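First comes the structure, then the notes that go with it.
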Amino acid sequence: MGDVLIVSSSPKGVALLEELLKAGQMNNITSAGSGSEARRRVAQSEFEMVIINTPLTDEFGDELAFFVTDRTSAGVIMLVKNELVDDIALKVEDYGVFIVEKPIGKALFYQAIKLVTASRRRMLGLKKENLKLQSKIEEIRLVDRAKCTLIQYLNMSEEQAHKYIEKQAMDRRTTRKNVAESILKVYES
């Protein structure tokens, strides 16, 4: 488990959460006493998880949860009084924020941590796959532009342009993307 940020206006809340986290083998723990302090810390460091013990002195905590989920890949757990759980859950669940009701039960808290960690791993995996696909799409677009350039300037057919790029990539032991970039550099400069 990586770095964890505890956001709590209550020093007792921070101490309790630190104790629970350390018992769960999590030792890279930072704390913030307000939403604004937490925003500064999130901007300065990368956290794997942010735990918000609501309410905070300068806000309730839901806006901070939105801020964290919007700008980072950290998992977010909000600790909310029992009577507010349903209302707050409706507000934040679309953002992937997990709600744990207070008073905190150890078993439920550890289960929430495991769920947040698992969902974060899944999200990061999907993000990585998305980047790979975007890169592949960009390569296809580049190769297609190079084919169009060969068709326009050298009067090749689409099939001839395709074979030319493939053969150049094999002969030069490089990627089709690199061949396409060099073609575009020559003809579009």
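The values are calculated or read from the model by the stated rules, or taken from the named source; none is laboratory data. Quick caveat, the model's predicted, so the values are computed rather than measured. Every residue, glycine as well, gets a Cβ built from its backbone with ideal geometry; the counts of neighbours run over all protein chains shown. Note: areas computed on protein heavy atoms with side chains; ligands, DNA, RNA excluded. Shrake-Rupley method; radii C 1.70, N 1.55, O 1.52, S 1.80 Å.
I'd like to know if segment 97-120 contains one or more residues that are acidic (Asp, Glu) and open to solvent by 80 Å² or more (accessible area, probe 1.4 Å). No; the residues of segment 97-120 include none that is acidic (Asp, Glu) and open to solvent by 80 Å² or more (accessible area, probe 1.4 Å).
For segment 22-37, the candidate set comprises residues that are at pLDDT 90 or above and of a type in the set (A, V, I, L, M); within that set, the residue that is most open to solvent (accessible area, probe 1.4 Å) is 29.
Quick check: anything in segment 68-83 touching a helix residue (DSSP H, G or I) at 6+ places or on another chain (Cβ under 6 Å), of a type in the set (Lys, Arg) and open to solvent by 10 Å² or more (accessible area, probe 1.4 Å)? No; the residues of segment 68-83 include none that is touching a helix residue (DSSP H, G or I) at 6+ places or on another chain (Cβ under 6 Å), of a type in the set (Lys, Arg) and open to solvent by 10 Å² or more (accessible area, probe 1.4 Å). Mind checking which residues of segment 43-61 are without any contact (Cβ under 8 Å) to a residue 60 or more places away in the chain and buried (at least 21 other Cβ atoms within 10 Å of the Cβ)? Hits for segment 43-61 are 47, 50, 51, 52, 53, 54, 56, 61. Remark: residue 167 falls outside the filter, which requires a residue to be open to solvent by less than 100 Å² (accessible area, probe 1.4 Å) and either over 30 Å from residue 50 (Cα atoms) or more than 36 Å from the chain's Cα centre (by Cα) (or both). Out of curiosity, is residue 104 more than 27 Å from residue 78 (Cβ to Cβ) and not small (Gly, Ala, Ser)? Judged against the criteria, residue 104 is not a match.
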